[in-house]
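One structure is given below, encoded as C-alpha cells.
Read the figures in this text as sums done on the coordinates, not as results from a lab. Keep in mind the model is a prediction, meaning the values are calculated, not measured. FYI the Cβ positions are ideal-geometry reconstructions off the backbone, even for glycines, and counts take in every protein chain you see.
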Amino acid sequence: MGHGEAVHALLDRDLQGADGGRAPGLLRIHGRISKVSKLANRNGTPLGRLFLKGALALAAAGLATGSLASGAAAQTGFSEGYKFLESVKKKEGEEVEQAIMTSPLIVNSKDVTSGETALHIVVQRRDITWLRYLVQKGAEPNLADDHGRTPLQQAVNLGWRDGAIYLIENGARTNDSNDAGETPLISAVHRRDTELMKALLKAGADPSRTDNSGRSARDYAELNGKDSYLVKVIDQNVTEGASKNSKPVYGPTF
C-alpha cells in the first residue's frame, strides 16, 4: 500500500459515522493521525514522510473544521428559541406572535452565546413598544445575561429612563447586581442621572449595597463631596428599610 493510500484508508474510516454521516470526534482523529505517522516513520522514504506530513495536516484541519461547524449549527442553527430571538431582532411581529401563541414560555428564551433574552434585545434598541408587548406576553424582567446584567441594569446603563421606569413598574428588582457587583443605582450614580436615581430609590434601591470593590452608591456619590447634589438626592429619596431587602455582597467594605 502506498503512502497516499495509507492516509486515505486510515483516516476515511473515521470520516464516516455509523449511519454514513460525518461525525468523528477529535480524539479519534488524533489517534488515527498517530497511527499513520508511525507507519510513515517505519516504512516510508524521506520524500514519502514529507508527503504524509502535509497530507495529515490537511486532513486534521478539515476534520476539526467540520466538527466545529456541525456543533455550532446544532447549537444555534435551528432551535425555536434562536429563531424567536432572531425574529425579535428583526421586528417580525407576526412571527413573534405566532411563536408565543404556540409556546408561551419561548418569550423567555436565552441566547446560547450571551445569555441575552428578548427583553435585552429591545432594551438595547430603546424600543418601548416592543418592551411593553413582551412584558405583557409574560417576559420575565429579572432574567440576567451571562454577565449578570438584567434588562433594568441595561436600561440604566443606556440612560433610557422610559424603559427603566417601565421595567421598575412591572416588577424589575432594583437591587440585583451584575458580575461586578454593580446595582442599577450605582450605575445611575456613575452617570449622574438624578431622575433615574430618584425612580430607583423610590422603588426600594439600597444606596448602601456595595459592589465587588466595596463601594456603595452612597460612597460614589460622596466622591463629589458629602454635601453634593447626588448625596442629597439619595437622602431625600431613599426608602426606609431598603437595605433590609437587598442581598449580601461578598467583598471588601470600607
Could you list the GluC sites (Glu not before Pro) in region 91-143 that lie in coil according to DSSP, counting only those with at most 15 other Cβ atoms within 10 Å of their Cβ?
-> Glu92
Would you mind calculating the gained length between Lys226 and Tyr82 on full extension (0.36 nm times residue separation, minus the Cα-Cα distance), in nm to one decimal?
-> 47.0 nm
Under the Kirkwood approximation applied to all pairs of distinct alpha-carbon atoms, what is the hydrodynamic radius of region 78-172 in Å?
-> 13.0
Sequence ranges 231-239, 181-189, 166-174, ranked by mean other-Cβ count within 10 angstrom, highest first | 181-189, 166-174, 231-239
